[in-house]
Amino acid sequence: MSKKIVLTGGGTAGHVTPNIALLPSLKAAGYEIWYIGSYNGIEERLIKEQNIPYYGIDSGKLRRYFDWKNFSDPLRVIHGYAQAKKILSRLKPDVVFSKGGFVSVPVVRAASALHIRTIIHESDMTPGLANRLAIPAADKVCCSFPETLKYLPEGKAVLSGSPIRQELLTGERGKALELLHWENSSKPTLLVIGGSQGSVAINNALRSDLDELLKEFRIIHLCGKGNLDSSLDGREGYVQFEYIQDELKDLFALADLVLSRAGANSICELLALRKPNLLIPLSAAASRGDQILNADSYKKQGYSMVLKEEDLTPESLLRSLRQLNADRETYRSAMEKSSQSSAIDIIMGLITGNA
């Protein structure tokens, strides 16, 4: 008898990529896989690229601020619940795995009503609103940080880490050097990742001090869409890209150090890759503060250096990167001792019922 699973989650790439990371293991275990997401969300394109059957449902966002859509979106959530229940009744999966986002709430609630076993994953330190609404209906709740356990119901909580794409572990330095048209060098290579949209603060600080930085580092700068600076083309030891997808694994293999935001999925990748890193979390003024909590946890566990965005200047950036480079073996050693990089095995154990 075939095994069946429905995956859900959406709204941002961070609510989809961990699901994608599970696909090879699910296929190897013989699961028939479907995905329920929102109409026209980013998850639809990402999942269809994986050749997984996709079902769209209505999805309303629950906001903490006034918006006229607050009056219509609850109706969309109710409709989404009815749609999800109909789809699940037809597919009859053995288990639902949810990565969060507002589209997941009606799916998890519908699965619970149909007595389908449901597993949720929360990436951030504190559960977001969507997962808080879904947790009462879940059988197990996985998390990425030990500090998150206190926010979750006892008996449901599992510290798993976050599933990462296994292909990231297969990069080749030689391919990266070929892509960048670089020779081998004794200078450490710094990979800068500001997210798919890039980070203006990181980009500006880095480029303002580029002359000094290039004396000590070679730099691969993933600066985000629309953030290329043509005046820097051809600088020796500096290469910029808006975004890299397939070759990212090779750039990681080449990188000695990484400068990054502190999104949960991103830092879990850095942990799994054992890359000494400097985190500059998104400020509380521009977010709910989850990146700050994520970064603080990794600093406490000895995995990361942290520089607050409010303290970010060209001078503080150079000073921090010098310190990171000097201490990089200490960070790598701490990451080697972590058990949070076996997330796929832990989650697959829960899915199959063997955990």
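The values are calculated or read from the model by the stated rules, or taken from the named source; none is laboratory data. A quick note: this is a predicted structure, and the numbers were derived from the prediction, not measured. Virtual Cβ from ideal backbone geometry, glycine too; neighbours counted across all protein chains shown.
I need the full set of residues from segment 296-355 which are small (Gly, Ala, Ser) and in contact with a helix residue (DSSP H, G or I) (Cβ under 7 Å, 6 or more places away or on another chain), in order please.
The initial filter retains those residues of segment 296-355 that are small (Gly, Ala, Ser), namely 297, 302, 304, 316, 320, 326, 333-334, 338-339, 341-343, 349, 353, 355.
Within segment 296-355, Ser297, Gly302, Ser304, Ser338, Ser341, Ala355 meet the criteria.
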Selection from segment 265-316 of residues that are crowded, with 19+ Cβ neighbours inside 10 Å, under 23 Å from Glu336 (Cα atoms) and of a type in the set (D, E, K, R): Glu269, Lys275
message: For segment 233-256, give me the residue count where each residue is hydrophobic (A, V, I, L, M, F, W, C), modelled with pLDDT of 95 or more and assigned to a loop (DSSP other than H, G, I, E, B).
response: 1
query: Restricting the search to segment 265-318, which residues are over 24 Å from Leu169 (Cα atoms), among the charged types (D, E, K, R) and in a loop (DSSP other than H, G, I, E, B)?
result: Arg288, Lys308
- prompt: Of all residues in segment 138-176 being part of a loop (DSSP other than H, G, I, E, B) and free of Cβ contacts under 8 Å to residues at least 24 places away in the same chain, which is nearest to Met125 (Cα to Cα)?
  reply: Pro153
- request: Report yes if Ile47 is in a helix (DSSP H, G or I) and touching a residue at least 24 places away in the same chain (Cβ under 8 Å), otherwise no.
  value: yes
- prompt: If only one of Ile52, Ile5, Ile36 is closer than 30 Å to Asp246 by Cα, at pLDDT 95 or above and part of a loop (DSSP other than H, G, I, E, B), which one is it?
  reply: Ile52
- request: Of the numbered conditions (1) within 19 Å of Leu23 (Cα to Cα); (2) crowded, with 18+ Cβ neighbours inside 10 Å; (3) of a type outside the set (Asp, Glu), Gly171 fails exactly one; give the number of that condition.
  value: (1)
message: Of everything in segment 184-206, what is in contact (Cβ under 8 Å) with a residue 12 or more places away in the chain, surrounded by fewer than 20 Cβ atoms within 10 Å (Cβ to Cβ) and farther than 24 Å from Cys268 by Cα? Give them in sequence order.
response: Ser185, Lys187
task: Evaluate the following for Leu259: is it in a helix (DSSP H, G or I), crowded, with 18+ Cβ neighbours inside 10 Å and at pLDDT 90 or above?
output: no
